[in-house]
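Structure first, then comments.
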Amino acid sequence: MNIIIAGCGKVGGTLAEQLSREGHDITVIDETSDVVQHVANAADVIGIVGNGASYSIQKEAGIEKADLLIAVTNADEVNLLCCLIAKKAGGCQTIARVRNPVYHQEIRHIKEELGLSLVINPEWAAAMEMARLLRFPKAIDIDTFARGRIELLRFRMEEDSPLCDRKIRDISELSRCEVLICVVERGKQVLIPDGEFELKKNDTISIVASPVNASRFFKLIGIQTNQVKNTMIIGGGKLAFYLAKRLQEMGIKVKIIEKDQKYCEKLCDLLPKAIIIHGDGTDQELLAEEGLAETEGFVALTNMDEENVMLSLYAKEMSRAKKITKVSSNTYDNIISTLDIGSVIHPKHITAENILQYVRAMQNSIGSNVETLYRLVDGRAEALEFIIREKGEVTDIPLLDLELKPGLLVCAIHRRGKVIIPKGQDCLMLGDSVIIITTSCNELKDISDILDRSHATRQAKAGNV
């Protein structure tokens, strides 16, 4: 597809690289020539210097032949104007990033009136993910499918876990729950295990289950599942506001420490039930006075990645709180992954995942849309949800008889309100929501892509001999 990206910041650059890698023709627009040059070289895309909301610049970028325009500049109003001009000039699909809480209240109206295909608010999406983690503190990540009816939970096994030294095929007997272990991280390896795979201490594992079965499973293996009662947030920006508002709706007490006096006053007006502290969140004495040792949740949301990481490391030493760290850059990912600082959230990755799933859904050919997409383990695996809208070559055939690609697992089916952890005799059927885990990233655009075509080719050649 021909895709134009207006804005070459962190999200724009990430999207350009990922969409280019998936074989799309990408043109990026930004007013800063150095930034355009950097993204164009890094992602091997066409770069244009100029204002993305300018009709002449969009025309130079090829808007009349574009399939999609994605507006991710730093200004909400510019993003909306970019999409409006693109819609009038080329009639293409449009996606806008809109972050202002005022606009967030009116997002449905804005989308309908401007004819936008998708509106994304990274801070709100990140806040919802953080809230899920504070509901289930022992999980490192929680992703949801089938409108919350299926969960993918990632957690690290402790040395005393009853799962240690057990084969995966024995886990169902131990737990007696409909749960599937679908990804195992061991050192630098990312593995999709079979039934004979044996779990070891310090493995990080991902499971798929319904929320009820997930809770039952964790209780059986001795992992706490109760949500936190209170949370301390360091930093008072948009993300802190969205998170605090959601936590209060969940009945969780919130305390925000922010060093900007004007931000504090604004938060006091917006969040009258929260405790707002004017002070430096890196001040150890202040943290002690405000109850760091007793807090059950700790979220570092300052504008500096390094500061957030250091704050979470300090919280790790001083409390037993569930820790969540916001990180905007990929620069220190390899180091951060070794620090055991709880859950690390990248708002730009969440935005990119939402846009990627929309782009893949646009490419769908036989009526099996990519409904949800998550990148796992620093992008080394993907979890995708397809809804089967038409019968095809993968439907009504036992999974045991399908030749699936290596490094791929059909790990859950949602069918008419029921969550099925599939076995060999189960079939995919019309109307099913199907969850797939794969280590072959960027390859699945359609449910039929789960089939191993190379195997079919080899069989055909063998039959011709």
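The values are calculated or read from the model by the stated rules, or taken from the named source; none is laboratory data. All values reported here derive from a predicted model rather than from experimental measurement. Here the Cβ positions follow ideal geometry from the backbone for every residue, glycine too, while neighbour counts run over all protein chains shown. With ligands, DNA and RNA removed, areas are computed over all heavy atoms of the protein, side chains included. Shrake-Rupley method; radii C 1.70, N 1.55, O 1.52, S 1.80 Å.
Structure summary
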item: Selected residue (criterion: modelled with the highest pLDDT) from residues of the stretch 423-450 that are open to solvent by 20 Å² or more (accessible area, probe 1.4 Å) and either among the acidic types (Asp, Glu) or under 15 Å from Leu384 (Cβ atoms) (or both); result: Asp426
item: Residue identified as closer than 19 Å to Gln18 by Cα, part of a helix (DSSP H, G or I), touching a residue at least 40 places away in the same chain (Cβ under 8 Å) and open to solvent by 20 Å² or more (accessible area, probe 1.4 Å) among Tyr358, Tyr374; result: Tyr358
item: Pair list, Cβ < 7 Å and 6+ apart or interchain, from the stretch 122-134 residues that are within 12 Å of Met250 (Cα to Cα) to residues that are outside any helix (DSSP H, G or I) and of a type in the set (A, V, I, L, M, F, W, C); result: Ala131/Met250; Arg132/Ile142; Leu134/Val228; Leu134/Ile252
item: Counted residues, the stretch 122-140 - those being open to solvent by less than 10 Å² (accessible area, probe 1.4 Å) and of a type in the set (Phe, Trp, Tyr); result: 1
item: Qualifying positions in the stretch 141-172 - under 18 Å from Val184 (Cβ atoms), surrounded by fewer than 19 Cβ atoms within 10 Å (Cβ to Cβ) and polar (S, T, N, Q); result: Ser172
item: Selection count where residues are closer than 20 Å to Asn213 by Cα, open to solvent by 50 Å² or more (accessible area, probe 1.4 Å) and in a loop (DSSP other than H, G, I, E, B), scope the stretch 400-422; result: 2
item: Test: residue in the stretch 85-95 that is modelled with pLDDT of 85 or more, closer than 26 Å to Leu247 by Cα and either out of contact with any Phe, Trp or Tyr (no Cβ under 7 Å at 6 or more places or on another chain) or in a helix (DSSP H, G or I) (or both); result: no
item: Residue that is surrounded by the fewest Cβ atoms within 10 Å (Cβ to Cβ), among those in the stretch 77-110 that are farther than 18 Å from Gln357 by Cα and basic (Lys, Arg); result: Arg108
item: Complete set of residues in the stretch 49-76 that are under 23 Å from the mean Cα position of the chain (by Cα) and buried (at least 22 other Cβ atoms within 10 Å of the Cβ); result: Leu68, Leu69, Ile70, Ala71, Val72, Thr73
item: Residue match in the stretch 96-106 (condition: free of Cβ contacts under 8 Å to residues at least 24 places away in the same chain, touching a Gly at 6+ places or on another chain (Cβ under 9 Å) and either of a type outside the set (Ser, Thr, Tyr) or in a helix (DSSP H, G or I) (or both)); result: no
item: Considering residues of the stretch 1-48 that are assigned to a loop (DSSP other than H, G, I, E, B), hydrophobic (A, V, I, L, M, F, W, C) and crowded, with 17+ Cβ neighbours inside 10 Å only, the residue farthest from the chain's Cα centre (by Cα); result: Val45
